[in-house]
1. Taking only region 189-204 into account, find how many residues are within 19 Å of residue 310 (Cβ to Cβ), open to solvent by less than 10 Å² (accessible area, probe 1.4 Å) and assigned to a loop (DSSP other than H, G, I, E, B).
2. Only one residue in 115, 110, 70, 130 is without any contact (Cβ under 8 Å) to a residue 60 or more places away in the chain and open to solvent by less than 30 Å² (accessible area, probe 1.4 Å). Which one?
3. Residue check, residue 286 against (1) out of contact with any strand residue (DSSP E or B) (no Cβ under 8 Å at 6 or more places or on another chain); (2) at pLDDT 95 or above; (3) not in a helix (DSSP H, G or I), all met but one. Which one?
4. Of the residues 230, 207, only one is within 20 Å of the chain's Cα centre (by Cα) and in contact (Cβ under 8 Å) with a residue 40 or more places away in the chain; which?
5. Being among the hydroxyl-bearing types (Ser, Thr, Tyr) and under 30 Å from residue 286 (Cα atoms) narrows it down to one residue among 218, 180, 174; which is it?
6. What's the number of the condition residue 178 fails, among (1) open to solvent by less than 60 Å² (accessible area, probe 1.4 Å); (2) under 21 Å from the mean Cα position of the chain (by Cα)?
Amino acid sequence: MEKLIFSLFLALPLIFTEAHVPGGGFTKLFVFGDSYVDTGNGGRQATSWKKPYGITFPRKPTGRYSDGRVFTDYIASWMGIRSPIPYRWRKMGKKVQGHGMNFAYGGTGVFDTLVKAPNMTTQINLFQQVLEEKLYTKRDLKSSIALVSLAGNDYAAYLAGNGTIKSLPAFTTSLIRRLSLNLKHIHCMGVRKVAVMAIEPLGCLPQVSAFTSYPNCSVTGNSIAKFHNQILEKSVQKLNKETKDSVYIKLDIYSAFMAAMKSQEHHPGTSKFKDPLKQCCRGVNSAYSCGDVDKNGAYKYVVCKKTNSAFFWDGVHPTQAGWDAVFSALKSSLHILLG
């Protein structure tokens, strides 16, 4: 079964034949982070391996938290390479390791979160072990990009642990301090460029807006995201001053989400996505989520008829159409940022 799944993974990038100009001569992509960039590291118990995930592409689950492709796939395609192999499949042979490796695990963060999976520091340690095994040379690293997507789950864990809005600035400061040290560590290991994703408009996530101000985005949730991204921007600028080069890049996912949805916080529904804050796959009631089944195996979720008309797949993750729109919003700046 594992080999069958692995073969399916190899087929994914070959089918993705978007026309593009390869990005800056980069040939390796190393990915660290959470479910926005995870392409299959979670175990078979993970939601991403259950139906109806993968229903759009390749029509079965592949460990991606979407109905199809995720952000990693779009960045890899822009670079002109296959999506890097998930770390869990690293022993399948050198042939599949040629385009880099993905260390991301859904639900993880900079710090430990509500999910028992490798946090950012541990993911970097796994990368270090791979380098010690000499799977990649110094030359490989000089033509590589690191893609980092983290922090959303850190805020979820903070709030779930009774963290207060009053003490949030201090938490954000400590979070980005640790994130910055980790970004610096990745570069010091030899990676040429480090692209860190800002966090998305948290207040627009269906699981947030549904309990607050749906069909509008939560102002509080988006304020948290904006504050985080402002501090992150300052940190990236400081890191680049230290290296005297534009090694570190912030990808403005917040603005890209908003542009893709064509939605101001109080005026959703003005884009090709008829109702951008409404998730495509959802539980039949509040007790269930996308992918849930009962003890008899009966589906306890419903899926919208047209996934390409929905921006969000479930309560947190975009559809493939959503990611396509987000990437389109970012694409024009990638050659400048990563050239």
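1. Number of matching residues: 1.
2. 130
3. Result: residue 286 fails condition (2) only.
4. 207 is the lone residue from the list that is within 20 Å of the chain's Cα centre (by Cα) and in contact (Cβ under 8 Å) with a residue 40 or more places away in the chain.
5. Just a single option satisfies the conditions, and that option is 218.
6. Condition not satisfied by residue 178: (1).
Matching residues to (1) at pLDDT 95 or above; (2) open to solvent by 10 Å² or more (accessible area, probe 1.4 Å); (3) farther than 14 Å from residue 202 by Cβ:
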{"position": "215", "(1), (2), (3)": "no, yes, yes"}
{"position": "220", "(1), (2), (3)": "no, yes, no"}
{"position": "225", "(1), (2), (3)": "yes, no, no"}
{"position": "234", "(1), (2), (3)": "yes, yes, yes"}
{"position": "237", "(1), (2), (3)": "yes, yes, yes"}
{"position": "240", "(1), (2), (3)": "yes, yes, yes"}
{"position": "244", "(1), (2), (3)": "no, yes, yes"}
{"position": "250", "(1), (2), (3)": "yes, yes, yes"}
{"position": "256", "(1), (2), (3)": "yes, no, yes"}
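Residue by residue, here is whether (1) under 27 Å from residue 177 (Cα atoms); (2) of a type in the set (A, V, I, L, M, F, W, C); (3) modelled with pLDDT under 95 holds:
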position	(1), (2), (3)
67	no, no, no
88	no, no, yes
91	no, no, yes
96	no, yes, yes
105	yes, no, no
120	yes, yes, no
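The values are calculated or read from the model by the stated rules, or taken from the named source; none is laboratory data. Computed from a predicted model, the values in this text were never measured in an experiment. Glycine also receives a Cβ, built like all others from the backbone with ideal geometry; neighbour counts cover every protein chain displayed. Heavy atoms of the whole protein, side chains included, go into the accessibility calculation; ligands, DNA and RNA do not. Shrake-Rupley method; radii C 1.70, N 1.55, O 1.52, S 1.80 Å.
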